[in-house]
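Worksheet: one structure, shown below.
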Ligand SMILES: *Cc1c(COP(=O)(O)O)cnc(C)c1O
């Protein structure tokens with residue numbers, strides 16, 4: 001189905017109808033599969049005959065999700081996993097060994113940082129954290145044993161944009177892999193593999209589900225990088241995506257292009273409105289011309305995305321006032337949902353970062369992050385206007 005547009009792939013790719021001729025994809029909640037004979041069982045186990053054996057390895061619903069996402073990202077292979085974190089773990093367990101070194105953006109998901117510094121480090125994989133936006137820091141951090149670059153773009157919550165072209169060129173010149181967590185843009189807005197990345201990682205929990213129902217993840221790339229190393233680890237260690245969750249994400253992909261466009265439209269309007277508001281000091285959104293990397297964002301992602309952050313003129317108490325004055329928005333750190341969510345990064349998602357490092361990274365006490373959902377933009381503005389009015 002390579003010749004189809006992403007909207008078509010999202011709806012139709014990757015699924016093989018069964019003999020029942022169903023129109024909507026079936027769920028296969030089965031742990032194992034039966035064989036016609038002992039000989040067939042032997043052939044399946046030896047790999048001589050392709051086909052299902054056990055749902056820790058492969059499952060038809062999971063496979064449909066994997067096929068569809070692979071086509072949407074423009075990758076050869078995809079492995080579904082139990083969560084976004086286990087997608088990241090499976091990637092590094094599959095591809096790295098003791099003595100390897102990783103260069104990572106410092107502006108990554110907090111739990112990924114903990115995975116690197118607390119757990120991968122125990123197995124002799126070292127990580128150096130560098131600036132999301134300064135390519136010379138990446139270059140300076142490269143060692144003889146550097147195996148991979150890791151980043152997510154735009155970053156959370158300040159929406160800093162990493163230069164995929166520059167970093168993939170640098171990675172290739174140094175024979176290391178560029179691994180991109182594409183959770184915020186999804187393949188609808190940005191396809192990192194087409195821009196030189198080697199591997200794309202997803203937390204399917206966010207926009208791919210889009211309605212906050214399930215936890216899941218995925219890793220996409222060439223068959224060489226994915227099949228033996230990453231799927232091999234996944235099938236052995238078992239952070240497997242369940243058939244039911246795969247079905248949720250498969251159905252989520254169907255509406256992903258439409259939802260992403262609507263998220264972006266609402267987010268841009270909210271960002272513009274916040275820019276004009278007298279209680280707001282600064283707005284962070286890659287779709288605004290005032291964003292320091294507006295041109296780069298424009299080049300590598302087709303829209304600004306669904307996340308908007310802003311600093312109120314004031315203190316932590318003022319930021320909390322705005323959050324607590326909302327009546328409709330969900331006060332939660334989850335993102336990528338049709339329901340708009342609002343969070344105070346300094347005391348939630350980034351509360352475990354040392355205060356000094358947090359301030360240096362720009363996560364100040366007056367910062368608020370919004371994952372803009374699909375309610376009426378006028379109602380979202382009204383819900384925020386109530387608290388903002390208290391600050392002017
Ligand atoms: C949420 C998130 C993850 C982790 O995904 P889970 O599904 O929660 O395990 C990884 N990366 C980013 C950018 C995320 O937002």
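A short reminder: the numbers here are calculations on the coordinates, not readings from a lab. For clarity, every value in this text was computed on a predicted model and none was experimentally measured. So basically every Cβ, Gly included, is an ideal-geometry build from the backbone, and we count neighbours across all protein chains shown.
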Checklist entry - Highest GNM mean-square fluctuation, the chain, Cα pairs closer than 10 Å: which of 205, 340, 111? => result 111
Checklist outcome for this item: Taking a crude spin-label model, label points 7 Å out from Cα along the C-beta direction, the residue 134 to residue 255 distance in nm is 4.4
Checklist entry - How big is the gap, in Å, between the Cα center of region 331-392 and the Cα center of region 35-65? => result 46
Checklist entry - Which translational diffusion coefficient, to the nearest whole µm²/s, is obtained for region 335-392 from the Stokes-Einstein equation, given a Kirkwood hydrodynamic radius over C-alpha pairs, 20 °C and 1.002 mPa s? => result 167
Item to check | Net lengthening on full extension, residue 33/residue 272 (0.36 nm per residue, minus Cα-Cα) | outcome: 80.6 nm
Checklist entry - According to a simple spin-label model (label point 7 Å from Cα along Cα-to-Cβ), what is the distance in nm between residue 2 and residue 111? => result 3.5
Checklist entry - Taking the convex hull of the alpha carbon atoms in the chain, what volume per residue do you get, in Å³? => result 141
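Can you tell me the FRET efficiency between residue 290 and residue 56 if r is taken as the Cβ-Cβ distance and R0 is 30 Å, rounded to the nearest 0.05?
After rounding to 0.05, the efficiency reads 0.05.
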Checklist outcome for this item: Once residue 175 and residue 375 are pulled to full extension, the length gained, defined as 0.36 nm per residue separation minus their Cα-Cα distance, is 67.4 nm
Item to check | Highest-MSF residue in the chain out of 353, 322, 230 [GNM, Cα springs under 10 Å] | outcome: 353
Item to check | region 257-391 - Debye-derived log10 I(q)/I(0), Cα point model, q = 0.11 Å⁻¹ | outcome: -0.36
Next on the checklist: Can you compute the FRET efficiency between residue 327 and residue 11 using 1/(1 + (r/R0)^6), with r the Cβ-Cβ distance and R0 = 35 Å? Round to the nearest 0.05.
Outcome noted: 0.45
Checklist entry - If you take every DSSP beta bridge whose two residues both sit in the chain, what share of them, in percent to the nearest 5, is antiparallel? => result 55
Next on the checklist: Multiplying the sequence separation of residue 166 and residue 45 by 0.36 nm and subtracting their Cα-Cα distance, what value in nm do you get?
Outcome noted: 39.2 nm
Checklist entry - Hey, fewest Cβ within 10 Å first, where do 308, 219, 135, 283 land in order? => result 135, 283, 308, 219
Checklist entry - Based on DSSP H runs of at least 4 residues, each adding -39500 (n - 2.57), what is the mean residue ellipticity at 222 nm of the chain after dividing by all its residues, to the nearest 500 deg cm²/dmol? => result -11000 deg cm²/dmol
Checklist outcome for this item: Taking a crude spin-label model, label points 7 Å out from Cα along the C-beta direction, the residue 123 to residue 334 distance in nm is 2.9
Next on the checklist: With 10 angstrom as the radius, rank 37, 290 by how many other C-beta atoms surround their C-beta, starting from the fewest.
Outcome noted: 37, 290
Checklist entry - With springs only between Cα atoms under 10 Å, which of 218, 140, 346 fluctuates most in a Gaussian network model of the chain? => result 140
